[in-house]
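**Student:** To start, I am sharing the structure in question, which I have written as structure tokens.
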Amino acid sequence: MSVKKCPRCGSTSLARDYERGEVVCTECGYVVTENIEDLGPEWRAFDSDQMASRARGGAPTKYTRPNKGLVTEIDQYDRDIRGARISQKKIAQLSRMRKWHKRASIATSMERNLAIALTELDRISSYLGLSNETKEAAALLYRKCVQKELGRGRLIESLVAAVIYAVCRMQHIPRTLDEIARVAGIEKKEIGRAYRFVRRELKLKVPLTDPKSYVPKFCAALKLSGKVQEKAVQILKKAMKKGLVSGRGPTGVAAAAVYIAAALEGERKTQKEVADVANVTEVTIRNRYRELKKELKLKVEL
């Protein structure tokens with residue numbers, strides 16, 4: 001029987017994480033269900049013809065592979081099916097086959113572009129700790145950019161970073177532009193410019209960043225309890241109702257809420273500790289803290 005709402009906070013905003021096999025409440029972070037199974041196919045069909053053409057056996061298609069994972073692979077181990085080493089003549093033959101197979105697989109400029117871009121996408125995603133689902137979404141979005149020839153005059157790496165940032169925003173994953181720029185080794189301005197271009201050309205509906213999405217990440221980095229996390233989310237909800245979040249950086253507001261919540265729950269952290277985790281300045285923490293304390297009439301003794 002499927003769960004309709006969170007038993008802890010009553011929210012109906014539930015997210016399915018098939019990689020971990022969990023149903024999680026996006027409001028309070030409570031794990032509603034564990035060990036769920038994905039019994040459906042990885043494709044969709046809207047009529048009988050599509051069903052007949054797409055129904056198949058074998059591994060699912062992967063947008064993170066240049067050939068979508070549907071091509072023969074020749075491994076590098078030079079061993080037979082029993083694990084025994086093959087003869088030098090066979091090794092030379094396999095080496096030639098690998099060379100021509102690689103040339104045949106990457107023949108056009110688009111295929112070369114994808115081979116470089118998807119390798120970079122996998123590297124950045126791994127450093128950021130993104131799930132396979134997010135990687136696939138980013139790879140699909142990059143393929144759309146290539147099809148519309150949006151990469152002309154732009155670095156492949158900057159377009160890949162922009163696509164990853166866009167997908168993180170759309171999936172409410174707390175990854176800032178600074179984090180992605182640091183991992184990608186590209187200037188933040190360059191990624192931001194590419195992101196705005198992609199969003200405009202593909203007409204992406206990217207939601208505003210929710211400060212609440214950063215709270216679990218900051219609390220985990222500061223080793224704070226679940227009570228602090230819950231309190232910080234409550235403070236942010238009140239702040240959003242009063243319009244205290246608009247026009248301000250979401251990371252700064254979230255960091256200030258965590259700072260206040262930690263003090264209220266007796267798990268004090270210094271402004272410097274919180275600022276380092278949130279990648280903002282101590283001045284930003286102080287300014288947001290004063291605003292929240294005054295407007296929400298919080299009794300905080302620091």
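**Student:** Lysines near residue 89 by alpha-carbon distance under 23 Å, same-chain residues fewer than 8 away left out - which ones?
**Tutor:** Filter leaves 99, 102.
**Student:** Tell me the relative contact order for segment 101-244 as a rounded percent, counting alpha carbon contacts under 8 Å between residues six or more apart. All intermediate terms of the calculation are to be shown ahead of the outcome.
**Tutor:** Numbers: 115 pairs, mean separation 27.9, N = 144.
Relative contact order of segment 101-244: 19 percent.
**Student:** Between rounded, prolate and oblate, where does segment 146-207 land on the alpha carbon gyration tensor, with a ≥ b ≥ c its root eigenvalues, rounded for a/c under 1.5, else prolate if a/b exceeds b/c?
**Tutor:** Verdict is oblate for segment 146-207.
**Student:** What are the membrane-span-like helices in the chain by this rule: whole DSSP H runs, Cα extent along the axis at least 18 Å, mean Kyte-Doolittle hydropathy at least 1.6?
**Tutor:** 156-170, 250-264
**Student:** Per-residue ellipticity at 222 nm for the chain, helices alone: DSSP H runs ≥ 4 residues times -39500 (n - 2.57), over residue total, nearest 500 deg cm²/dmol?
**Tutor:** Calculated mean residue ellipticity at 222 nm is -17000 deg cm²/dmol.
**Student:** Still on this structure, please answer the following. Give me the lysines in straight-line cross-link reach of residue 293: C-alpha distance below 20 Å, same-chain residues under 8 apart excluded.
**Tutor:** 212, 227, 231, 237, 238, 241, 242, 269, 272
**Student:** Still on this model: Could the peptides 174-184, 123-133 be put in order, highest first, of the mean number of other beta-carbon atoms found within 10 Å of their residues? Each step should come with its number before you reach the end.
**Tutor:** On the way: 174-184: 18.4, 123-133: 15.6.
Descending packing order for the listed peptides: 174-184, 123-133.
Taken together, the values in this text are just the output of simple stated rules run on the coordinates, not laboratory data. Just so it is clear, the structure is predicted and the values come from calculations on it, not from any experiment. Note that each Cβ is placed from the backbone with ideal geometry, even for glycine, and that neighbours are counted across all protein chains shown.
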